[in-house]
Amino acid sequence: MDDQLLFLLSKAQYKLTNYLKLQFKEQGVNISPGQIGILFLLEKQNLRSMSELSNILEINNSAITR
């Protein structure tokens with residue numbers, strides 16, 4: 001894959017994350033964008049294990065526990 005494309009994707013992800021954090025803060029929502037994914041999954045099916053959450057979100061277990 002082209003290095004320029006990877007750079008632009010990384011930059012877009014960073015900008016989107018920061019935008020969401022700002023919007024959440026302005027609305028008084030005290031959670032991170034990453035935590036929202038977990039909450040949506042738990043709303044669909046409560047009592048998921050940490051491993052299930054990390055597999056579905058494609059992140060490692062240590063990121064889930066944070």
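So how many residues does the stretch 1-31 have that are under 17 Å from E58 (Cβ atoms) and among the small types (G, A, S)?
Number of matching residues: 1.
Among the residues of the stretch 39-57, write down those that are surrounded by 12 or more Cβ atoms within 10 Å (Cβ to Cβ), in a loop (DSSP other than H, G, I, E, B) and either polar (S, T, N, Q) or in contact with a Cys (Cβ under 6 Å, 6 or more places away or on another chain) (or both).
If the condition is that a residue be surrounded by 12 or more Cβ atoms within 10 Å (Cβ to Cβ), in a loop (DSSP other than H, G, I, E, B) and either polar (S, T, N, Q) or in contact with a Cys (Cβ under 6 Å, 6 or more places away or on another chain) (or both), then no residue fits.
For the stretch 11-38, which positions are in a helix (DSSP H, G or I) and surrounded by fewer than 10 Cβ atoms within 10 Å (Cβ to Cβ)?
E26, the sole residue that qualifies.
Find all pairs meeting these conditions: Cβ atoms under 6 angstrom apart; at least six residues apart or on different chains; first residue within the stretch 1-29 and without any contact (Cβ under 8 Å) to a residue 40 or more places away in the chain; second residue surrounded by 11 or more Cβ atoms within 10 Å (Cβ to Cβ).
Listed by first residue and then by second, the contacts come to T17/P33; L20/P33.
Since every read-out is calculated from the coordinates, none of them should be taken as a lab result. Remember, it's a predicted structure, so these values are computed and weren't measured experimentally. So basically every Cβ, Gly included, is an ideal-geometry build from the backbone, and we count neighbours across all protein chains shown.
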